[in-house]
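Notes follow once the structure below has been shown.
Computed from the coordinates by the stated procedures, all read-outs in this text should not be read as laboratory data. The model shown is predicted, which means the values in this text are computed figures rather than measured ones. Cβ atoms come from the backbone with ideal geometry, glycine included; neighbour counts cover every protein chain shown.
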Amino acid sequence: MERHFHEAFKGLKEKLFQMGLLVEVAIGKAVEAFLTQKAGLAEEVFSDEKLINQLEIEIDGMGHALFALAQPVAVDLRFLTMILKINTDLERMGDHAVNIAQRSRSLIGEAPLTIDFPISEMTQTTLKIVRDSLDCFINENTELAREVLAKDDKIDAYNDQLYKSMATLMQFDPGVVRQALHFVMIGHNLERIADLANNIAEDTIYMKQGKEVRHHYEMTL
Amino acid sequence: MTIFIEPEEDIESEDGMGTYALVSGKTFETKPGSDLLKNTTKILVRGLDMFYGMVRALHGIDIEIKEKAVTALIGPSGCGKSTFLRTLNRMNDTIPGARIEGTVNIDGVNIYGTDVNVAVLRRMVGMVFQKSNPFPKSIFDNVAYGPRLHGICDKAYLENIVEESLKKAALWDEVKERLHTGALQLSGGQQQRLCIARVLAVNPEIILMDEPASALDPLSTAKIEELIHELRKQYTIVIVTHNMQQAARVSDYTAYFYMGSLVEFGETKMIFTNPVKKETEDYITGRFG
């Protein structure tokens, strides 16, 4: 028998999905703003962040109220707990998008640096991981969640490659140090975004199956 | 809309249930869209003191019960919740030595006025008790009892009332094939829903519930709670419960009583996430009571 407060749970999930979409768009805009030096795009990211923060507060409020009013147990308890964790992770992703957008602002007017690294590919792969992680939670798809976790190392590998590439570039041309460092930080931001998306995948498995997979816990058993 | 003041003359009504007119010594029909119907406070209580002989059981209660919402009354045993509930349909009148001071207004009319017809009041303000009390009659006759008492004899009309009431009480599907079997053969949860159907059959506007699920198993309790959630779309409901979690689940507003006084009243969401009074917080967190 569905209880009346399960409708509120669905509403909360929908709000979280809205927030996830906003975050995904903000990340894409932020990297594009950096690569194309379009100031307008950066400003859009800052506006998006305000909406993301507002949603974070609303979702927290709704979640806390539901804990008090519905007294969830078992899967409902896991669901609500994970919603609040994912809420925080999405807001952190938004912060990383803002960090990238801020870097784009500081480079406006400078000649763009051409680098021997597929930053767009790294961005698209990160965005796919974010999208998949949201999909797996919204659709309670633990198979997709495990696929997301299996790709954990891909963005780490991109980040390592970017770091080495920028280190080499800075050695040979100290004049590009400032711009190169921005690329290094953006790589770090994208790597953190992918880590946060992994958290969402882990939370999905815990929510659906009650299995703890954080920090490769399953492998320690 | 029904009011419970004696009309100066009998008024024929479309539903056969006695839709009386509003009073101030005169009668007139109330129509949808009238000012009264726009009023979102259904029950207004001001300065209510309640005495059992010399003992004061309620102290200066001021509260506004909202229309078409569920208001839960919580508090420790003996705090006056059920006493207050019974003041809303004058059930305390049946207790020797019981008297009130202050006012209880329903739709702007003081129900303790001298010209109030208490029987009509109790039709408008129905009550469901902790222990279900179906009559030793058939399921059909239980629900039809009230309408028959109000003069409805038409068989088809009665059947319609019974079916509608049982549907509203979420019991129809379970009993439709055996309406003429004994009500006492039903389970505890079904008997309680039958009692709710019995109340609904006389077309109330307010339903008072005194711990309606405390004697029931968890699944029956859940069914009653979902029923309350549905009924609030049409009726004003006031429920006494010892189960704070139930109050949180089913109600829109919560009133915390302690030793005959109203300590705090507010939206349930606020009471259970961020109450104003420390005494309320101590009670709902189990630190007291």
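In whole Å, what three semi-axes, largest first, describe the equivalent ellipsoid of region A:5-53 built from its Cα gyration tensor (square root of 5 times each eigenvalue)?
Semi-axis lengths for region A:5-53 are 29, 9, 5 Å.
Would you mind getting the Kirkwood hydrodynamic radius of region A:136-221 from its Cα pairs, rounded to one decimal in Å?
Working: mean 1/r = 0.0686 Å⁻¹.
Taking the inverse mean of 1/r over all distinct Cα pairs, region A:136-221 comes out at 14.6 Å.
What are the ³J(HN,Hα) couplings of region A:53-64, residue after residue, when phi is run through the Karplus curve with 6.51, -1.76, 1.60 and θ = phi - 60°? Round to Hz, x for glycine and proline.
Calculated HN-Hα couplings, in order: 5, 4, 5, 4, 5, 4, 5, 4, x, 5, x, 4 Hz.
Pop out the ³J(HN,Hα) list for region B:238-248 in order, Karplus 6.51 cos²θ - 1.76 cosθ + 1.60 with θ = phi - 60°, rounded to Hz; leave Gly and Pro as x.
So the J values, rounded to whole Hz, are 10, 10, 8, 8, 7, 8, 5, 5, 5, 4, 5.
Tell me, rounded to the nearest percent, the portion of alpha carbon pairs in region A:65-221 spaced more than 20 Å apart.
56
Using alpha carbon centroids, what distance separates region A:201-216 and region B:97-132, in Å?
Here the answer is 56 Å between Cα centres.
Given a 10 angstrom Cα cut-off, can you work out which residue in B:Cys153, B:Cys195, B:Cys79 is the most mobile in a GNM of chain B?
B:Cys153
Cross-link list B:Lys131/B:Lys277; A:Lys50/A:Lys164; A:Lys208/B:Lys233; B:Lys168/B:Lys223: which exceed 24 angstrom alpha carbon to alpha carbon?
B:Lys131/B:Lys277; A:Lys50/A:Lys164; A:Lys208/B:Lys233
Helix A:5-36 sits at what angle to the longest principal axis of chain A, using alpha carbons and giving 0 to 90 degrees rounded to 10?
0
Quick one: grab the alpha carbon gyration tensor of the protein assembly as shown, order the square roots of its eigenvalues as a ≥ b ≥ c, and give me rounded if a/c is under 1.5, else prolate or oblate depending on whether a/b is larger than b/c.
prolate
Determine the sum of side-chain charges near B:Phe51: Lys and Arg each +1, Asp and Glu each -1, restricted to other residues whose C-beta is under 15 angstrom from that of B:Phe51.
+1
Once you have a ≥ b ≥ c as the square roots of the Cα gyration tensor eigenvalues for region A:84-166, tell me rounded if a/c is under 1.5, and otherwise prolate or oblate according to whether a/b is larger than b/c.
Oblate shape, in that a/c is at least 1.5 and b/c is the bigger or equal ratio.
According to a simple spin-label model (label point 7 Å from Cα along Cα-to-Cβ), what is the distance in nm between B:Ala215 and B:Cys153?
3.5
Run the dipole for the protein assembly as shown about the Cα centre, Lys and Arg Cβ at +1, Asp and Glu Cβ at -1, nothing else charged, and hand back the magnitude in debye, nearest 20.
Taking the Cα centre of the protein assembly as shown as origin, the dipole is about 1000 debye.
What's the local net charge at A:His188, with K and R +1, D and E -1, over the other residues with C-beta under 12 Å away?
Local charge sum for A:His188: -2.
About the Cα centre, and with charges only on the beta carbon of Lys, Arg (+1) and Asp, Glu (-1), how big is the dipole of chain B? Nearest 20 debye, please.
The dipole of chain B has a size of about 720 debye.
So, how do all the Cα-to-Cα distances of chain B break down into 5 Å bins, in percent, from 0 on up?
1, 5, 12, 16, 17, 17, 14, 10, 5, 2, 0, 0
So which GluC sites (Glu not before Pro) in region A:1-62 end up in coil per DSSP with only 16 or fewer other C-beta atoms within 10 Å?
Sites meeting the loop and neighbour criteria: A:Glu2.
When the distances between all Cα atoms of region B:65-141 are binned every 5 Å from zero, what whole-number percent does each bin get?
So the P(r) values, bin by bin, are 3, 11, 20, 24, 19, 12, 8, 3, 0.
Tally Lys and Arg at +1 and Asp and Glu at -1 over the other residues with C-beta under 12 Å from the C-beta of B:Ile61: what net charge comes out?
Once all neighbours under 12 Å are counted, the net charge is -1.
Stokes-Einstein D for region A:1-125 at 20 °C, 1.002 mPa s, Kirkwood Rh over Cα pairs, in µm²/s?
133
Given a cut-off of under 8 Å on Cα pairs at least six residues apart, what relative contact order in percent is computed for chain B?
23
Mind giving me the nanometre distance, one decimal, between the label points for A:Leu21 and B:Thr41, set 7 Å out from Cα along Cα→Cβ?
4.3
Can you tell me the alpha carbon radius of gyration of region B:120-205 divided by the globular rule-of-thumb value 2.2 N^0.38 Å?
After normalising by residue count via 2.2 N^0.38 Å, the value is 0.98.
Mean separation of Cα pairs under 8 Å and 6+ residues apart, divided by the residue count of region A:1-57: what relative contact order is that in percent?
The normalised contact order for region A:1-57 reaches 35 percent.
What distance in nm lies between label points placed 7 Å from Cα along the C-beta direction at B:Glu230 and B:Gln245?
With each label point 7 Å from Cα toward Cβ, the separation is 2.4 nm.
If amide H atoms are built 1.01 Å from N in the plane of the peptide, which residues on other chains or at least 5 residues away come under 5 Å of the amide H of B:Val263?
Here the answer is B:Tyr256, B:Phe257, B:Tyr258, since their amide H atoms fall under 5 Å of that of B:Val263.
Quick one: Karplus J couplings for region A:97-105, per residue in order, coefficients 6.51, -1.76, 1.60, θ = phi - 60°, nearest Hz, x for Gly and Pro?
Listing the rounded values in order: 4, 5, 4, 5, 4, 5, 5, 5, 5 Hz.
Which whole-number percent is the relative contact order of region A:135-200 (Cα, under 8 Å, 6+ apart)? Could the numbers behind the result be given before it?
Values: 34 pairs, mean separation 24.1, N = 66.
Relative contact order, region A:135-200: 36 percent.
Looking at region B:176-251 from every direction and averaging, what is the projected area of its Cα convex hull in nm²?
Details: hull surface 21.6 nm².
Value for region B:176-251: 5.4 nm².
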